[in-house]
1. Looking at the range 93-108, which of the residues that are assigned to a helix (DSSP H, G or I) and hydrophobic (A, V, I, L, M, F, W, C) is surrounded by the most Cβ atoms within 10 Å (Cβ to Cβ)?
2. Which of the residues that make up the range 63-92 are loosely packed, with under 15 Cβ neighbours inside 10 Å and closer than 17 Å to residue 38 by Cα?
3. Among the helices (runs of 4 or more DSSP H) confined wholly to the range 1-78, which include 1 or more residues that are modelled with pLDDT under 90?
Amino acid sequence: MHNLRIDQLRRPGLSISPVDDADLDVPTRATQTDRLEVRDLAHALSRLPEEQREVVLLVALEEMSYREVASTLGIPTGTVMSRLARGRERLRQIMDGQQPMAKLRVVR
């Protein structure tokens, strides 16, 4: 123990300067707009189709990887990526106030 303490004292240490708590300025956001944004986001999420909402929430909130989402939902990884891309795009449209339109093709 003695030798360890001597080694610690011999090593150059970090320069430590005292910090005054009054100098710390922690940024805060306005709570009214936060509440409105969360309400709008919840409403937009509720308008997504169930399969897209599941994938968006698992990836964004739960921070799961595509592989984990695929195994959780029992779907291929490519399907996860497709649903996530379509869900994010539809969410953007809803949040921007646009009416999401289904892209339909005429098949002959």
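1. Checking each candidate, the answer is 94.
2. Within the range 63-92, 92 is the sole residue that qualifies.
3. Because the criterion is at least 1 residues that are modelled with pLDDT under 90, the helices (runs of 4 or more DSSP H) in the range 1-78 that meet it are 2-10, 31-46.
The values are calculated or read from the model by the stated rules, or taken from the named source; none is laboratory data. Keep in mind that this is a model prediction, so the values were computed, not measured. Quick reminder, even Gly has a Cβ in these numbers, built from the backbone with ideal geometry, and neighbours come from all protein chains shown.
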